[in-house]
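Report on the following structure.
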Amino acid sequence: MAFKTIIGLILLLMGIATISARKAITAVIFFAVTSTFAAILFALYRAPDVALAEVAIGAAFTSFLYLIALQHKGKLWVALVEVKGGLNVLEKWILEGFCERYHLELKLVPFPDISRAKEKLNSGEVEMIAGGIVSTPSIIHTVPFLETKVLLLTRSDKNIKTEDLGLSYFNTPSNEGTDVIAIDLMRYRNFLLSNLGVKVEVIKQINGLGYVFEVRADDKTLLKQLNDFILEAENTGRLKEGIGRFVY
Amino acid sequence: MKYLAIVITFIGVGLLFAFVLITKIPSMNSPSAYADLVLKEDGSSNVVSAIYLDYRLYDSLFEVLVFASAILGVSYYISHFPEAGEVPPSDSKLFFIATIAFAPVVAVWGIYILLTGHLSPGGAFSGGAIGASGILFLALAIGSKKTERAFHKMHLESLEKCALLALASYILLGAFNKGLFSPLFWVGTPGKFFSGRGAIILNISIGIKVFVGGWTILYLFSRHRESV
C-alpha cells in the first residue's frame, strides 16, 4: 500500500489508543504521538506550514501543558489545635515555609482540643500536631520555635467555665473539679482578654518550655526535617521576623 | 453596566455589518490564478503566506480574535479552580542545564520562523507557538515565577495589546484604500527579506499575540494544576 495510507492507518490506531488509555499521563503521551504522525501526514501532502504548526502546538505545547497540569505533589497532613490569636497564624506560616522547601502540599485539619488530635496522630491519619503544643518530656517533639512558660493558677471564682475552648491545655477530665489549672502563656493571654475582671492567682511558674510540633515516635525523617528547618529559620532571623509579625 | 455592555455589543455588530457591506473583496474564479498573481502583486515567495496575509486577511483577523477570546475565556474560568502554587525550579542539575541551553535556541528559532514567514514555510502562528514552547522550557528550568516576572518587566502584555491595535489599524486603513492594504513600494523582489507587502509587520503583530497568549495560557494552567 502507499506510504501515505500506512501513516494514515497508524494515525487512526494512535487516536484510538489515546481514547482508550487508562491513566491520564498515558493519554497525554499518545496524544503527542498522534500529533506527530498527523504532522508527518501533512508534510507528505505538501502542506509544510500546517505541519510546522502542528508539531509546535500538538507535540510540544499541548503535551507540556497537560504534563504540567497533571503534576502530583506529596501531602503533609497536620492536625491544628485551634488557639485564638496569632499563634495559629505563626505556626501556619512556619509550616507553609516548610512545605515549600520540601515541595509538599499542606493539609490542615482543625481540632478544637488536643485529645482528639492525639487520637488521629496515633491512628496515622495525620502526621503531626500543631497548635500551641508545649514541650513536655512525655511527647516526641521538635525543637521549640517560641518560648513560653506554664502557669499554675487557682481560681477564686468557681463560675469560670473550663469548657471554654483552649482555656486549659494540661487539664484532663480527672482534675476537672480541682482548683488548680495549668495553662500556657498564649492561652492565658486569651483567657484574660475574654474574661476581664476575673480574679485568678498565679501559684507557680514553670519556665524554660517552648511551643513545638508533635510527631509520631517512629517518624524520624519528618522530625529531622522539621528540626533542620526551624533551626535554619532561627539562624537566618526569619523566625524572629515571623514572631514579631504575628504574635507580638 | 450590563446594559452598557449589551448596547456596545449591538453597536459593534452593526458596525461590522456596515463594514462588510461597504468593502468589496475581490474573489478569484480559479485557485490556480493565485500563483501568477502573487508574484506580480504581492511579491512573497510563500503563496500560503500571501494568501493568509494579503488576500484573505480578514480571515486572519478573525483567527486572531478567536484566539484572543479563547485566552480571555480561559483566564476567566480557570480562576474558579484552586491555585496550586508556582512551578518550582527544577531540582536535577542535568535537566536544568539541558533546558537552559535549549530554551533560547528554540525561542530564537521561533522568532526566525516568524520573521521569514513570507520566504519559507512558517509564519506567525507556527513561529509564535514554537517561541511559546521555548519559553516553556525556560520556565521548567528556572521556575515560572521568575519567567513571569521577566515578562512583566518587559511589559509584554502591553505590547500584545499594541500588536492587536496595529493589526486592526492596518486592516482598517487598507479597507478604506479600496482593499489595497499597503503602499506598492513594499512589494520588492521575491526572495529578498523586504518583500511581500505587509507581511513583516503582520507576522510580527500576530506572532506577538500568539507568543504572549501562549505563555499566558501555560502560566495559568501551571498555576491551577491538579495535585492529588
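Out of curiosity, is A:Leu44 of a type in the set (A, V, I, L, M, F, W, C), farther than 22 Å from B:Pro121 by Cβ and more than 8 Å from chain B (Cβ to nearest Cβ)?
Numbers: of a type in the set (A, V, I, L, M, F, W, C): yes; farther than 22 Å from B:Pro121 by Cβ: no; more than 8 Å from chain B (Cβ to nearest Cβ): yes.
No, not satisfied.
Scan segment B:89-107 for residues that are more than 12 Å from chain A (Cβ to nearest Cβ), in contact (Cβ under 8 Å) with a residue 24 or more places away in the chain and among the β-branched types (Val, Ile, Thr) and the total you get is 2.
Is it fair to say A:Val28 is in contact (Cβ under 8 Å) with a residue 40 or more places away in the chain, buried (at least 18 other Cβ atoms within 10 Å of the Cβ) and away from chain B (no Cβ under 12 Å)? Against the criterion (in contact (Cβ under 8 Å) with a residue 40 or more places away in the chain, buried (at least 18 other Cβ atoms within 10 Å of the Cβ) and away from chain B (no Cβ under 12 Å)), A:Val28 qualifies. Evaluated against (1) buried (at least 16 other Cβ atoms within 10 Å of the Cβ); (2) assigned to a loop (DSSP other than H, G, I, E, B), A:Ala59 falls short on exactly one condition, (2). Of all residues in segment A:62-94, those that are surrounded by 20 or more Cβ atoms within 10 Å (Cβ to Cβ) and assigned to a loop (DSSP other than H, G, I, E, B) total 1. Quick check: anything in segment B:20-29 in a helix (DSSP H, G or I) and either surrounded by 10 or more Cβ atoms within 10 Å (Cβ to Cβ) or small (Gly, Ala, Ser) (or both)? Yes: segment B:20-29 contains one or more residues that are in a helix (DSSP H, G or I) and either surrounded by 10 or more Cβ atoms within 10 Å (Cβ to Cβ) or small (Gly, Ala, Ser) (or both). So in segment B:36-89, with the set limited to residues that are hydroxyl-bearing (Ser, Thr, Tyr) and closer than 18 Å to B:Trp215 by Cβ, which one is nearest to the chain's Cα centre (by Cα)? Per the criteria, the residue is B:Ser69.
Where helices (runs of 4 or more DSSP H) fall entirely within segment B:30-138, those with at least 3 residues that are modelled with pLDDT of 90 or more and surrounded by fewer than 20 Cβ atoms within 10 Å (Cβ to Cβ) are at B:57-77, B:93-115.
Rundown of residues vs (1) within 14 Å of chain A (Cβ to nearest Cβ); (2) over 22 Å from B:Gly134 (Cβ atoms); (3) in contact with a Pro (Cβ under 7 Å, 6 or more places away or on another chain), yes/no style:
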residue: B:Val48; (1), (2), (3): yes, yes, no
residue: B:Tyr55; (1), (2), (3): no, yes, no
residue: B:Ala70; (1), (2), (3): yes, no, no
residue: B:Tyr76; (1), (2), (3): no, yes, no
residue: B:Ala84; (1), (2), (3): yes, yes, no
residue: B:Val87; (1), (2), (3): yes, no, no
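Name the residue that is surrounded by the fewest Cβ atoms within 10 Å (Cβ to Cβ), counting only residues in segment B:139-154 that are aliphatic (A, V, I, L, M) and within 12 Å of chain A (Cβ to nearest Cβ). Among residues in segment B:139-154 that are aliphatic (A, V, I, L, M) and within 12 Å of chain A (Cβ to nearest Cβ), the one surrounded by the fewest Cβ atoms within 10 Å (Cβ to Cβ) is B:Leu140.
For segment B:89-108, which residues satisfy the criterion of being in contact with a helix residue (DSSP H, G or I) (Cβ under 6 Å, 6 or more places away or on another chain), over 16 Å from B:Ser133 (Cβ atoms) and not small (Gly, Ala, Ser)? Outline the logic, then answer.
Residues of segment B:89-108 that are in contact with a helix residue (DSSP H, G or I) (Cβ under 6 Å, 6 or more places away or on another chain), as a first pass: B:89-90, B:96, B:99-100, B:102-103, B:106-107.
Subsequent filtering for residues that are over 16 Å from B:Ser133 (Cβ atoms) retains B:89-90, B:96.
Answer for segment B:89-108, where residues must be in contact with a helix residue (DSSP H, G or I) (Cβ under 6 Å, 6 or more places away or on another chain), over 16 Å from B:Ser133 (Cβ atoms) and not small (Gly, Ala, Ser): B:Pro89, B:Phe96.
Which residues, counting only those in segment A:47-76, are more than 7 Å from chain B (Cβ to nearest Cβ) and farther than 18 Å from A:Thr18 by Cα? First the steps, then the outcome.
Of the residues in segment A:47-76, the ones more than 7 Å from chain B (Cβ to nearest Cβ) are A:47, A:50-51, A:54-55, A:58-59, A:62-63, A:66-67, A:74-76.
Answer for segment A:47-76, where residues must be more than 7 Å from chain B (Cβ to nearest Cβ) and farther than 18 Å from A:Thr18 by Cα: A:Ala47, A:Val50, A:Ala51, A:Gly74, A:Lys75, A:Leu76.
Among the conditions (1) over 12 Å from the mean Cα position of the chain (by Cα); (2) among the hydroxyl-bearing types (Ser, Thr, Tyr); (3) within 14 Å of chain A (Cβ to nearest Cβ), B:Ser126 misses just one, which is (1). Being within 19 Å of the chain's Cα centre (by Cα), closer than 23 Å to A:Val247 by Cα and crowded, with 19+ Cβ neighbours inside 10 Å is the filter here, so list the residues in segment A:115-144 that pass it. Within segment A:115-144, A:Met128, A:Ile129, A:Ala130, A:Gly131, A:Gly132, A:Ile133, A:His141, A:Thr142 meet the criteria.
The values are calculated or read from the model by the stated rules, or taken from the named source; none is laboratory data. This one's a predicted model, so the numbers in the text were calculated from it and none came from an experiment. All Cβ positions, even for glycine, are placed from backbone atoms using ideal geometry, and neighbour counts span all protein chains on display.
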